[in-house]
Structures are given as C-alpha cells and as structure tokens.
Amino acid sequence: MKKLLSLLTAAFLIAGMTACTETVTPPADTTAPADPQSSEASEPAVEAEEPADELITVGYAQVGAESDWRTANTVSFQSTFTAENGYELIFDDAQQKQENQVKAIRNFIAQEVDYIVLAPTTETGWETVLGEAKEAGIPVILSDRQVVVTDDTLYECWVGGNFLKEGQDGVTWLNNYLVENGRDSEALNCVLLQGTIGSSAQIGRTQGIEEGIAANPNLTLLEKQTGEFTQAKGQEVMESFLKAYDDIDVVFAENDNMAFGAIDAIKAAGKVPGKDIIIISFDAVKAAFDAMIAGDLNCSVECNPLHGPRVSEIIQKLEAGEAVEKIQYVDEGVFDQSNAEAELPNRMY
Ligand code: GYE
C-alpha cells in the first residue's frame with residue numbers, strides 16, 4: 001500500500017501544480033490526523049485519493065492492564081486510532097507476558113498490517129520477531145518502553161518518557177524536601193518497590209534512584225524488590241518490608257499503583273503514610289493527585305502515557321515519506337502536596 005500511496009501523493013502534487021483538479025477530490029475528513037494541534041492538520045492529506053474505506057491498519061502490542069498509567073495509554077490509542085481518523089486498530093493485551101506480545105506481533109504480520117506498534121514488556125529478546133516484521137516490510141514503532149537490539153533498523157523510532165531522569169527527579173525532590181523541612185542531616189532508611197524487572201521503566205528509575213541514594217550519605221537503601229507495577233503486589237511487598245524493618249523512613253515506588261498498595265500496608269501497620277513514612281512514586285495519574293491531596297503520598301514524578309497522538313503523528317510523517325527522529329523523549333514534571341490541588345483539574349489521566 002505504501003508504494004501506491006507515494007504514487008498517489010506524486011499524482012496529487014502534479015495535479016496541484018498543473019491546476020488540473022478534476023482527478024483530485026480530497027474526501028471529506030477521513031484522513032484528519034488524530035492530534036488536532038498537529039501542524040500537519042491542514043496539509044494536503046497523503047491518502048487523498050484512497051477510497052474512503054481504505055484505512056491504515058495498525059497492530060498495537062500492548063503490555064497489559066496492570067496500572068492506571070497503562071489504562072490511560074490504552075484509551076489514548078483506542079481514541080486516536082479510529083476509523084474516523086483513518087485507521088483500523090488491532091489491539092492486543094499481552095497480560096504482562098513477553099511471549100504473548102511475540103504471538104501478537106506474528107499475528108499482525110500474518111494479517112499484513114501497515115504498522116506495528118510495540119510497548120515492550122522487557123528490553124531484551126526482540127531480535128527474532130522484529131526481524132520477521134522487517135522481513136515482511138512492516139515498520140515497527142516502539143512506544144513507552146525501549147528494546148535492546150544490536151540492529152536498530154529493526155524499528156523506526158521510539159517515543160516515551162526518560163525513565164532515568166524520572167528516577168533522578170524523585171531523589172532530587174526528596175533532597176529538597178529534607179532541606180525545606182530541616183531534616184537534611186537526619187539518617188534515613190529507604191526501601192524501593194521496583195516495577196517489572198527488565199522493563200525500561202524499571203531499569204531507568206532504579207538506576208536514577210539508587211545512584212541518587214548513594215550520592216547522599218544520609219540515605220541508606222535497606223532493600224529493593226519488584227511489585228510488578230501492580231497495587232496488589234506493591235501492598236504485599238510493602239507488608240513484608242514493614243515486617244522485616246521497623247525503621248523505614250522513605251518508600252520509593254516505581255509507579256503510583258504500587259504506592260497505593262504501600263499506603264494501605266503502612267496504614268494497616270498502624271503508621272501514617274506521608275508523615276511517618278515519606279512516599280515518592282512515578283506516573284502522576286489522577287488518583288496520585290487525590291492521594292497527595294489526602295496527605296498520604298508526598299510526591300509523584302510524571303510519566304506521560306498519552307502516546308496515541310504522538311504515534312499517529314509519526315505514522316503520518318512516515319506515510320508522507322518524511323524522516324522521523326529515532327528517539328523522542330516526552331517532557332515531564334514533578335508534583336507534590338504543595339501543587340497537587342491546583343494541578344488536579346488540568347490532569348488528562
Ligand atoms: O510507569 C507503569 C506501567 O512503562 C512507563 O508501566 C510505563 C510503566 C508505568 O505499568 O505504571
């Protein structure tokens with residue numbers, strides 16, 4: 001379909017140059033890009049000559065439904081990749097299992113989709129199946145987490161958050177908070193609830209947090225363990241930490257949902273979350289704002305899940321034969337109890 005599109009694009013341009021408009025009848029708005037703010041919104045649509053029912057087929061290999069972030073990410077794709085916007089979306093939920101994602105990608109290849117979008121569970125183990133997609137001539141766009149492959153032509157590009165920076169921002173927030181509250185000479189014990197081991201979000205955040213803790217001689221990391229990015233597992237692991245140590249001062253949870261589980265565990269242990277134990281998490285979903293307003297959560301470092309429009313913009317560029325940046329980081333902020341209430345009405349997820 002790609003070749004046909006470039007031929008049609010060429011025909012469209014030539015027709016435009018010679019003012020011969022009879023053969024060029026841009027259809028209503030089947031090709032409108034998903035992102036209304038996109039600067040390409042008013043440019044001539046690449047698929048102008050396609051019949052109205054010729055949609056761009058996109059297979060999305062999603063991680064699962066483990067967190068509020070993930071749900072927002074799924075909604076972002078489902079509301080962007082609609083027939084109205086010129087797409088057919090084939091959505092697959094891998095239930096946090098890489099083998100399911102590999103199967104999904106093979107199904108997408110068999111169905112001859114136009115693009116594959118992958119939010120990889122973990123970073124390694126993608127060479128073979130991405131090689132199969134390349135062999136089939138189907139471009140792969142990575143979103144959210146990254147892959148580690150020796151040949152980076154196995155994917156077009158990646159868009160997502162800077163997880164290392166997020167981890168660093170979490171510790172910077174803690175250091176500032178301790179100074180502001182006159183606690184910067186206190187010796188404090190930290191525990192770390194990690195995300196899915198081997199996922200970019202875990203690797204980057206863990207590195208940023210561990211390096212930040214190591215750089216402050218007053219902070220000690222007692223223990224780290226995975227809570228798989230889920231509330232239930234976060235609660236379970238926090239319960240075991242609370243049984244093992246009676247002097248925990250700080251919890252880093254690599255996503256908000258695990259922090260919600262930790263808050264429940266801390267309350268059940270008779271301690272006050274947000275006061276007796278400082279809690280810092282990642283994502284900044286709406287429920288984290290509620291928890292900050294309630295005083296239970298101290299800080300949430302933002303990770304933006306609204307990648308649907310970003311991936312659509314990438315696809316539109318590829319359709320138009322334009323170059324796309326290989327690695328695209330999204331800007332993200334840091335929120336705490338001082339700004340949660342004011343910020344909550346602006347949150348999109
Ligand atoms: O932080 C977590 C989700 O990969 C950035 O995955 C994503 C992470 C997000 O389950 O909540």
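For a test of the definition: using alpha carbon positions, the gyration tensor, and the 1.5 limit on a/c, classify the stretch 95-243 as rounded, prolate or oblate. Write down the numbers at each step before the final one.
Values: a/c = 3.56, a/b = 2.27, b/c = 1.57.
Prolate is the answer for the stretch 95-243, as a/c is 1.5 or above and a/b outweighs b/c.
Computed from backbone phi, the HN-Hα couplings of the stretch 241-247 come to 4, 5, 6, 6, 10, 9, 10 Hz, rounded to whole numbers (Karplus: 6.51 cos²θ - 1.76 cosθ + 1.60, θ = phi - 60°; Gly and Pro given as x). When each of the peptides 220-229, 263-272, 174-183 is scored by the mean number of other C-beta atoms lying within 10 Å of its residues, the order from highest to lowest reads 220-229, 263-272, 174-183.
Computed from backbone phi, the HN-Hα couplings of the stretch 335-340 come to 10, 8, 5, 6, 10, 4 Hz, rounded to whole numbers (Karplus: 6.51 cos²θ - 1.76 cosθ + 1.60, θ = phi - 60°; Gly and Pro given as x). Expressed to the nearest 5 percent, the antiparallel share of DSSP beta bridges inside the stretch 163-303 is 0 percent.
Computed about its Cα centre, the charge dipole of the stretch 163-303 is approximately 100 debye, with only Lys, Arg, Asp and Glu carrying charge at their Cβ. Phi angles across the stretch 75-83 convert, under the Karplus curve 6.51 cos²θ - 1.76 cosθ + 1.60 with θ = phi - 60°, into 3J(HN,Hα) values of 4, 4, 6, 5, 7, 8, 8, 9, 4 Hz, Gly and Pro given as x.
From the Cα gyration tensor of the stretch 44-159, with a ≥ b ≥ c the square roots of its eigenvalues, which class applies: rounded if a/c is under 1.5, or else prolate if a/b is larger than b/c, or else oblate? In terms of gyration-tensor shape, oblate. Residues Met238, Met292, Met258 in ascending order of nearby Cβ atoms (within 10 Å, fewest first): Met292, Met238, Met258. By definition, a body whose alpha carbon gyration tensor gives a ≥ b ≥ c is rounded when a/c is under 1.5, and the stretch 163-303 falls into this rounded group.
Listed cross-link partners Lys224/Lys267; Lys233/Lys317; Lys224/Lys275 are compared with a 31 Å cut-off, the Cα-Cα value being larger for Lys233/Lys317.
Each reported figure results from applying straightforward, stated rules to the coordinates on display, with no laboratory input. As the structure is a prediction and not an experimental result, all values here were calculated from the model. Cβ: placed from backbone, ideal geometry, glycine included. Neighbour counts: every protein chain shown.
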